[in-house]
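These notes concern the structure reproduced below.
Every number in this text was worked out from the coordinates using simple rules, so none of it is lab data. Remember, it's a predicted structure, so these values are computed and weren't measured experimentally. Heads up, the Cβs are rebuilt from the backbone with ideal geometry, glycines too, and the neighbour counts pull from every protein chain shown.
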Amino acid sequence: VAGRPKEEYGLEPQGLDEIRPGCYNVDERVKDMNAGGILGSMCFPSFPGFAGRLFATEDPEFSLALVQAYNDWHVEEWCGEYPARFIPMTLPVIWDAEECAKEIRRNAKRGVHSLTFTENPAAMGYPSFHDFDYWKPMWDALVDTDTVLNVHIGSSGRLAITAADAPMDVMITLQPMNIVQAAADLLWSKPIKEYPDLKIALSEGGTGWIPYFLERADRTYEMHSTWTGQDFRGKLPSEVFREHFLTCFISDHVGVQLRNDVGIDNICWEADYPHSDSMWPGAPEQLHEVLTEHNVADDEVNKMTYENAMRWYHWDPFTHITKDQATVGALRKAA
């Protein structure tokens, strides 16, 4: 819905001629990024689903070919055209942990350190995050290649809805809560304890909920670990969370206000273009207003807007362009 008035939002199907070319044409996407003052972007796949579930057919060989074809196109053509503007992120082989591991390693050899994944594999009919042995090849590959697992809200197809006749506003309001469930699921899972270098990004979930979530996790550990058998090996869940998780926000006044309770090294701003939470093309102005309201220092702004992303994803646009060319003003001048 990027560029459309809110009155035109809805659930009606759309053809390519009804959406901005920046949704599917990389040259047009960069023009829209320039117009919106956005230097870099990590693009999630819409039509195959954020975890590639559309490609999981009854024919494993055909399914693998689909995933690899998408990944080759995304890395070589989409991101390869503008290496200073895109962080490459590939699809998983969601139905086969062994093949998923192979695909992670294949893409890491060409500089990819980001994998999109479901927030709840069990909801898709696959083993849960707690089936350690099943997913172990994937965990091994992620850690060996320093690849971030990006769990995106709603990627399992199961968003919270209270009743069939509940207004759509209920589901839209509860969308970020989907990632809260994923955070709990992963925080209490075995991989977090077994892989000190495992990195997980909570995509499009906001940050304002995290301080209470961490407080609740610590209290749960304090009150119940003796009978649940949880052992974080001398650390609190909140400490372990900050070692493993990157959190992301689009528009989150409370999250910015509580940024140091979240962990300033664990926060990234995200754009959500071309979806309906996006502030495009006025995101810089709206973000600046929030940052100013909460007296965010320049070094903190830099971390949340680009430095954390560069560090987590092994991405350095400044090997291709200068910082003077990457300002909002310079980008818009180039639009």
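Residues in region 276-296 that are of a type outside the set (Asp, Glu) and surrounded by fewer than 16 Cβ atoms within 10 Å (Cβ to Cβ) were compared, and the one that is nearest to Val1 (Cα to Cα) is Ser276. Residues that are out of contact with any Gly (no Cβ under 7 Å at 6 or more places or on another chain), among the hydrophobic types (A, V, I, L, M, F, W, C), part of a loop (DSSP other than H, G, I, E, B) and under 20 Å from Glu270 (Cα atoms): does region 71-86 have at least one? There is at least one residue in region 71-86 that is out of contact with any Gly (no Cβ under 7 Å at 6 or more places or on another chain), among the hydrophobic types (A, V, I, L, M, F, W, C), part of a loop (DSSP other than H, G, I, E, B) and under 20 Å from Glu270 (Cα atoms). Among the residues of region 51-65, the ones that are in a helix (DSSP H, G or I) and either touching a strand residue (DSSP E or B) at 6+ places or on another chain (Cβ under 9 Å) or within 22 Å of Asn120 (Cα to Cα) (or both) come to 6 in all.
Rundown of residues vs (1) touching a Ser or Thr at 6+ places or on another chain (Cβ under 6 Å); (2) hydrophobic (A, V, I, L, M, F, W, C), yes/no style:
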position	(1), (2)
Pro196	no, no
Ile200	no, yes
Thr207	yes, no
Asp218	yes, no
Met223	no, yes
Gly229	no, no
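Within region 122-173, restricting attention to residues that are hydrophobic (A, V, I, L, M, F, W, C) and in a loop (DSSP other than H, G, I, E, B), the residue that is nearest to Ile104 (Cα to Cα) is Phe129. The set of residues in region 288-317 that are touching a residue at least 24 places away in the same chain (Cβ under 8 Å), in a helix (DSSP H, G or I) and of a type in the set (A, V, I, L, M, F, W, C) comprises Val290, Leu291, Met304, Ala309, Trp312. For region 318-335, a tally of residues being closer than 18 Å to Ala271 by Cα and assigned to a helix (DSSP H, G or I) returns 5. Restricting Ser189, Ser225 to residues that are under 23 Å from Ser114 (Cα atoms) and among the hydroxyl-bearing types (Ser, Thr, Tyr) narrows the list to Ser189.
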